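*Asks:* After the structure tokens below, expect a handful of questions from me.
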Amino acid sequence: FPSEKIRNFSIIAHIDHGKSTLADRLMELTGTIKKGHGQPQYLDKLQVERERGITVKAQTATMFYENKVKDEEASGFLLNLIDTPGHVDFSYEVSRSLSACQGALLVVDAAQGVQAQTVANFYLAFESNLTIVPVINKIDQPTADPDRVKAQLKSMFDLSPDDVLLVSAKTGLGLEYVLPAVIERIPPPPGISDSPLRMLLFDSFFNEYKGVICYVSVVDGMLSKGDKVSFAASGMRTTKEARIGDTIYRTKTTVEPLPGFKPVRHMVFSGVYPADGSGFEALSHALEKLTCNDASVSVAKETSTALGMGFRCGFLGLLHMDVFHQRLEQEYGTQVISTIPTVPYTFEYSDGSKLKVQNPASLPSNPKYRVIASWEPTVIATIILPSEYVGAVINLCADRRGQQLEYTFIDAQRVFLKYQLPLREIVVDFYDELKSVTSGYASFDYEDAEYQTSDLVKLDILLNGQAVDALATIVHKQKAYRVGKELVEKLKSYIERQMFEVMIQASIGSKIIARDTISAMRKNVLAKCYGGDITRKKKLLEKQKEGKKRMKRVGSVDIPHEAFQQILKVS
Ligand code: GDP
Ligand code: MG
């Protein structure tokens, strides 16, 4: 294909505004997939995506299109479409996808209008110099108000109302204008076709049968079947070596490597350990394969006294972490215990040394030198909401140690807020809280900002006098006592009675700040079965075994998996 017959574009939008559905329709229109193939959101291939109804992995589809709207010599176009995830945790996927494109369809729900991720995605595309084709979707809905959305697009992004396409990906209304607009408005890839070959590796995934599959965008030159290529940054002999952002060129030529991507910044860290019954080797293999499909996760070996050998993984956010754990289990059948998620902190001691902490356990409880300063990461958050909820949201942000940076009206009823917040404060339940104080009407997005100084302490949890490294956490000093108390209560409710008494304590340094005990009891599941129904007995025993799998014996106490997860929610 000559490059003037090629168009590379992404579909970007706020979550649920209809990207994946629109991608389905465009693939049907071009005959790439059959109409009524029975699986909506065709590009959402992963089980997690289907279950959660979200896209977590950008997906690419190539379509052939006969542009019949144009002149007699209607000739074929090659269209590469990338469907992107909408959730903030995956904006790294979006920016990588955009680097392979010259244009983007910016999809906005006709009833909901511009939302926080619409803004974030617009700026990602705008900063990558992409041609933006605005598409208002879901015009079939009774509450659709396309004129209002057009006005928002004009006031926020300076997009002309005349350029906006009105469609319904559900009913098919207006869809015939989408691809002609793509062809007419989005420029072909700019590469110089008679220059030496340069390709950008923008995504890769691991296929059980074929090995590593790379998605590349041809930046310069031409690639033909049978050509031999090399990788600028790596030799690509093992799966690990397919490095996202790498430049691929024709073997034996010399080229200037492409700039690649800025490194990922991990926002949340958590330990991943094999659950009893699942081996370390199996987990290690599963992690290796899964990180080929999701290069944005960092993995490093670590050892915990409580949990044994495992890995410290870095994630882009909590949803990303959840999805990763779910994929480990669903796609690789590994059972894992994941520890309390933490954000990265920095501590400075009186001897001038600095310590970066990705695992609270690695911070000494009784350090040799005094801590003279500590820092935590912050984010710049964008919140869009109906104006009647502004007061509640301002209170919420103040409670989370936020600092207001901007407060503007998008139109008569909608407000745009910008805050700087400690990452720690938004990483767990901020979004849920925000939804609850705005009856579900607020949307939220954030980008990482600099570290700020903060008064931080390490909180240890002791079971029967023994500190459990996997339960240690770092908290703001002012919140330490409250958190310690809540943690002990929470653990008490999660840990089942054992055959002996269990004492739970929270401490800062050598000072105990909260304590409680779980009295001893012998639990007999079969006591519930009067009479002799043997199948019922078996079921109960199996159920108990099932429950046991997710326990971790620490010292002599069985701790259920949920307990490890609950900690951050209170702190
Ligand atoms: P994505 O998160 O942007 O990929 O959104 P999806 O394509 O998964 O769509 C989210 C929801 O909106 C799904 O339930 C779709 O069926 C629905 N949807 C998509 N397009 C339309 C439309 O044009 N009209 C209506 N009424 N619903 C739509
Ligand atoms: Mg989607």
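*Asks:* Kindly provide the set of residues from the stretch 11-37 that are within 13 Å of ligand 1 (Cβ to nearest atom) and more than 21 Å from Gly113 (Cβ to Cβ), ordered by number.
*Replies:* Ala23, Asp24, Arg25, Leu26, Met27
*Asks:* So for the stretch 138-148 (the condition being within 16 Å of ligand 2 (Cβ to nearest atom) and either of a type outside the set (Phe, Trp, Tyr) or under 16 Å from Ser10 (Cβ atoms) (or both)), does at least one residue qualify?
*Replies:* Checking the stretch 138-148: at least one residue is within 16 Å of ligand 2 (Cβ to nearest atom) and either of a type outside the set (Phe, Trp, Tyr) or under 16 Å from Ser10 (Cβ atoms) (or both).
*Asks:* If you don't mind, there's one more thing I want to ask. So Thr118 fits all but one of (1) buried (at least 22 other Cβ atoms within 10 Å of the Cβ); (2) at positive phi; (3) modelled with pLDDT under 95; what number is the exception?
*Replies:* Against the list (1) buried (at least 22 other Cβ atoms within 10 Å of the Cβ); (2) at positive phi; (3) modelled with pLDDT under 95, Thr118 comes up short only on (2).
*Asks:* Would you call Gln47 more than 13 Å from ligand 1 (Cβ to nearest atom), within 28 Å of the chain's Cα centre (by Cα), modelled with pLDDT under 90 and not β-branched (Val, Ile, Thr)?
*Replies:* yes
*Asks:* Related question: Report yes if some residue within the stretch 186-205 is farther than 19 Å from Gln102 by Cα and either basic (Lys, Arg) or without any contact (Cβ under 8 Å) to a residue 12 or more places away in the chain (or both); otherwise report no.
*Replies:* Within the stretch 186-205, not a single residue is farther than 19 Å from Gln102 by Cα and either basic (Lys, Arg) or without any contact (Cβ under 8 Å) to a residue 12 or more places away in the chain (or both).
*Asks:* A further question on this structure: Being exposed (fewer than 14 other Cβ atoms within 10 Å of the Cβ) and either modelled with pLDDT under 85 or over 23 Å from Gln358 (Cα atoms) (or both) is the requirement here; does Asp445 meet it?
*Replies:* no
*Asks:* Also, quick follow-up: Of the residues that sit in the stretch 196-222 and are exposed (fewer than 13 other Cβ atoms within 10 Å of the Cβ) and not charged (D, E, K, R), which one is modelled with the lowest pLDDT?
*Replies:* Per the stated criteria, the residue is Asn207.
*Asks:* Within the stretch 450-464, how many residues are farther than 16 Å from Lys485 by Cα, surrounded by fewer than 21 Cβ atoms within 10 Å (Cβ to Cβ) and at pLDDT 90 or above?
*Replies:* Counting residues in the stretch 450-464 that are farther than 16 Å from Lys485 by Cα, surrounded by fewer than 21 Cβ atoms within 10 Å (Cβ to Cβ) and at pLDDT 90 or above gives 6.
*Asks:* Something else: For Ile474, are the conditions met, namely being at pLDDT 90 or above, of a type outside the set (Gly, Ala, Ser), under 20 Å from Gly317 (Cα atoms) and buried (at least 16 other Cβ atoms within 10 Å of the Cβ)?
*Replies:* Yes.
*Asks:* Restricting to the stretch 133-143, what's the tally of residues that are under 13 Å from Val164 (Cβ atoms), free of Cβ contacts under 8 Å to residues at least 40 places away in the same chain and in contact with a Lys or Arg (Cβ under 9 Å, 6 or more places away or on another chain)?
*Replies:* Within the stretch 133-143, residues that are under 13 Å from Val164 (Cβ atoms), free of Cβ contacts under 8 Å to residues at least 40 places away in the same chain and in contact with a Lys or Arg (Cβ under 9 Å, 6 or more places away or on another chain) number 2.
*Asks:* Can you tell me which of (1) under 25 Å from Val216 (Cβ atoms); (2) assigned to a helix (DSSP H, G or I); (3) free of Cβ contacts under 8 Å to residues at least 40 places away in the same chain is the one Lys154 doesn't meet?
*Replies:* For Lys154, the exception is condition (1).
*Asks:* Take the residues in the stretch 399-438 that are assigned to a loop (DSSP other than H, G, I, E, B) and touching a strand residue (DSSP E or B) at 6+ places or on another chain (Cβ under 9 Å), then tell me which one is nearest to Gln117 (Cα to Cα).
*Replies:* Ile410
*Asks:* Tell me, please, whether a residue that is part of a strand (DSSP E or B), at pLDDT 85 or above and not hydrophobic (A, V, I, L, M, F, W, C) can be found in the stretch 317-335.
*Replies:* No, every residue in the stretch 317-335 fails to be part of a strand (DSSP E or B), at pLDDT 85 or above and not hydrophobic (A, V, I, L, M, F, W, C).
The values are calculated or read from the model by the stated rules, or taken from the named source; none is laboratory data. Nothing here was measured: the structure is a model prediction, and the numbers come from that model. No Cβ is skipped: glycine too gets one built from the backbone with ideal geometry, and neighbour counts run over all protein chains shown.
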